[in-house]
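All of the numbers you see were taken from the coordinates with simple rules; none came from a lab. Bear in mind that the values here come from a model prediction, so they are computed numbers and not experimental data. All Cβ positions, glycine included, derive from the backbone under ideal geometry; neighbour counts span all protein chains shown.
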Amino acid sequence: MRYTASFQVIPIQTKNLTEVIDNVVDVIKSSGLKYEVNAHSTIVEGEKDALLRLLERIIKECESISERCVVSFQMDLKKGGVSIDDKVSKYRMGS
């Protein structure tokens, strides 16, 4: 079943904020899951186990590159599943 999850990483103690965010987005890209980067978070769509594995990989990346990060994670566990398009397609510009 496909769900959506929101990942937000806030580097607090690091020399280069952009490097942390870029590395986390690279981790998300390498997952092969569908994702959308937004101004305040990144939304990812996938099976529950894949999303939880991705969360672990994001945490490890943050630990390896930054002295301190806040990682926020939300998952929508709708019965029957839910996609990014299900949730936001009517709000996209030009729709």
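Annotations
Listed here are the residues, each with its yes/no results for (1) surrounded by fewer than 14 Cβ atoms within 10 Å (Cβ to Cβ); (2) touching a residue at least 40 places away in the same chain (Cβ under 8 Å); (3) in a helix (DSSP H, G or I); (4) more than 11 Å from the chain's Cα centre (by Cα).
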| site | (1), (2), (3), (4) |
| --- | --- |
| I12 | yes, yes, no, yes |
| V25 | no, no, yes, no |
| V70 | yes, yes, no, yes |
| F73 | no, yes, no, no |
| S89 | yes, no, yes, yes |
| G94 | yes, no, no, yes |
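- Among the residues making up segment 1-22, those that are touching a helix residue (DSSP H, G or I) at 6+ places or on another chain (Cβ under 6 Å) and more than 27 Å from D85 (Cβ to Cβ) are P11, T14, V20.
- Evaluating K78 against the criteria (1) surrounded by 15 or more Cβ atoms within 10 Å (Cβ to Cβ); (2) in a loop (DSSP other than H, G, I, E, B) leaves one unmet condition, (1).
- The number of residues in segment 27-55 being loosely packed, with under 12 Cβ neighbours inside 10 Å and more than 11 Å from the chain's Cα centre (by Cα) comes to 4.
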